[in-house]
Amino acid sequence: MSSKNKFGFDPVDPPASSKPRERSVGPMGAAVRDAAENLQETTEAKVEQRRQNASDAKAYREAQEAGRLLSAVPLAEVLTSDLPRDRLDLEGVAASVEMEELKASIKERGQKEPVELYRDAAGNLQLKKGWRRYTALSQLFAETGHAAFATVIARIDVGHGDRLTRYIDMVEENVVREDLSFAEMAQVAILAARDAETDELDPDAMVPRLYASLHKVKRSYIRSFVFLLCALEDDLKWPKAVPRNLGVDVARALKSLDSAAALRARLRVCDNADEQNALLAKFLEAKPKTLATSQPVERKEKREFHVGDMKVTARKGECRIVADDDFAGLPKAQLERAVEAFRRALREQDPRVSSL
């Protein structure tokens with residue numbers, strides 16, 4: 001059979017020296033390929049950008065919920081009417097040399113530390129921490145009218161913390177800086193106990209809840225001032241000026257009396273803090289019984305007092321001691337020796353006390 005095809009000629013073999021045909025990309029093909037590559041890169045970049053945006057948005061929401069974001073809030077939108085301040089003499093602090101120094105610092109360098117705000121039940125922004133900074137900015141704006149002092153840098157608490165937590169937050173900064181007197185800390189405990197939205201009615205029991213971070217000795221000093229302020233009330237006109245030791249000693253002396261009326265009457269006519277403190281010192285020098293009422297005192301069904309950081313409640317047939325110490329963790333023998341010493345001390349003072 002012939003190898004020729006139907007057209008009558010043999011297949012043509014390519015010359016041995018011929019080269020394969022080059023199939024290079026033309027200008028149009030190159031443009032299409034570049035466009036495709038660029039589109040893929042752009043798509044990948046957009047996908048990565050979306051991932052980053054989602055991550056940033058999540059971090060932003062978490063920071064907002066945690067109250068870590070700072071905002072510039074107009075002073076006119078900030079109220080100070082919800083929480084009572086932790087300072088007794090607000091007018092004195094506002095007009096003090098320290099306030100002028102703070103204003104000078106803000107005027108020169110700006111507000112460096114934010115205040116803390118929260119929203120009350122009506123949705124208004126209320127001041128929680130930073131009263132001095134807020135007051136300094138308010139005074140600067142009133143004095144200069146400059147827009148730089150019309151806003152306050154604030155951290156806004158968007159959570160729904162309970163009332164007691166807000167009291168703790170308010171005093172925390174000043175307590176750490178040791179910027180509050182014992183009288184001021186006691187006043188906060190009294191006001192917090194009187195607050196209808198807290199669950200504690202006893203100002204003495206409020207102290208360890210508000211000042212849990214303080215040493216128990218300091219808490220005992222605050223308790224003494226709580227008793228002092230409750231006993232003397234508004235007749236103690238300058239409580240912040242009362243030195244720690246004087247206040248603690250006067251409180252201890254008052255606990256042995258059945259009435260503080262005589263001391264209150266004398267304090268009522270004092271004209272200044274020095275005269276007040278001198279009178280308190282004289283009260284300590286006199287025997288407490290000279291200030292007691294002359295009427296016979298009826299026997300109390302219950303007596304409560306403090307020894308250091310221990311609260312003692314005495315009733316007929318019962319003597320209860322409450323303190324921060326872990327009595328259950330003490331050895332039994334140590335407790336027995338303490339109770340025996342307690343019984344022995346009582347019997348030495350009054351033989352009528354029965355043996356345990």
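Overall form of the stretch 302-349: oblate. Here a/c, set by the Cα gyration tensor axes a ≥ b ≥ c, is 1.5 or more, and a/b is not larger than b/c. Within the stretch 65-160, DSSP assigns beta bridges of which about 60% are antiparallel (rounded to the nearest 5). Ignoring solvent entirely, what values of log10 I(q)/I(0) come out of the Debye formula for the stretch 162-297 at 0.11, 0.22 Å⁻¹ when each Cα is a single scatterer? Values, matching the q order: -0.42, -1.29. Multiplying the residue separation of Ala148 and Ile321 by 0.36 nm and removing their Cα-Cα distance gives an extension gain of 56.6 nm. Annotation: the residues Cys319, Cys270, sorted from fewest to most other C-beta atoms within 10 Å of their own C-beta, follow the order Cys319, Cys270. Once the C-beta distance of Asp202 and Lys112 is scaled by a Förster radius of 30 Å, the resulting FRET efficiency is 0.15 to the nearest 0.05.
Compute the FRET efficiency between Ala104 and Ala341 as 1/(1 + (r/R0)^6), taking r as their Cβ-Cβ distance and R0 = 45 Å, and round to the nearest 0.05. Between Ala104 and Ala341 the formula returns 0.15. Multiplying the residue separation of Ala59 and Arg163 by 0.36 nm and subtracting their alpha-carbon distance yields 34.6 nm. Legend: residue pairs Lys218/Lys255; Lys103/Lys129; Lys255/Lys332; Lys58/Lys107; Lys128/Lys240; Lys216/Lys302, Cα-Cα distance threshold 28 Å; pairs beyond threshold, Lys255/Lys332; Lys58/Lys107. Can you bin the stretch 115-158 into rounded, prolate or oblate? Criterion: square roots of the alpha carbon gyration tensor eigenvalues sorted a ≥ b ≥ c, rounded for a/c under 1.5, prolate for a/b above b/c, oblate for the rest. Prolate is the answer for the stretch 115-158, as a/c is 1.5 or above and a/b outweighs b/c. Quick check for you: which residues of the stretch 220-244 have the amide N under 18 Å from the point 7 Å beyond the Cα of Glu275 toward its beta carbon? The answer is 234-242, whose backbone nitrogens lie closer than 18 Å to the label point. Placing a label point 7 Å from the Cα of Ala265 along the Cα-to-Cβ line, the residues of the stretch 225-253 whose backbone N sits under 19 Å from it are 231-237. Oblate is the label for the stretch 67-153. Its Cα gyration tensor axes, ordered a ≥ b ≥ c, give a/c of at least 1.5 and b/c at or above a/b.
No value in this document is a laboratory result; all are computed from the given coordinates. Please read all numbers here as calculations on a predicted model, not as lab measurements. Note that we place each Cβ from the backbone using ideal geometry, even for glycine, and neighbour counts take in every protein chain shown.
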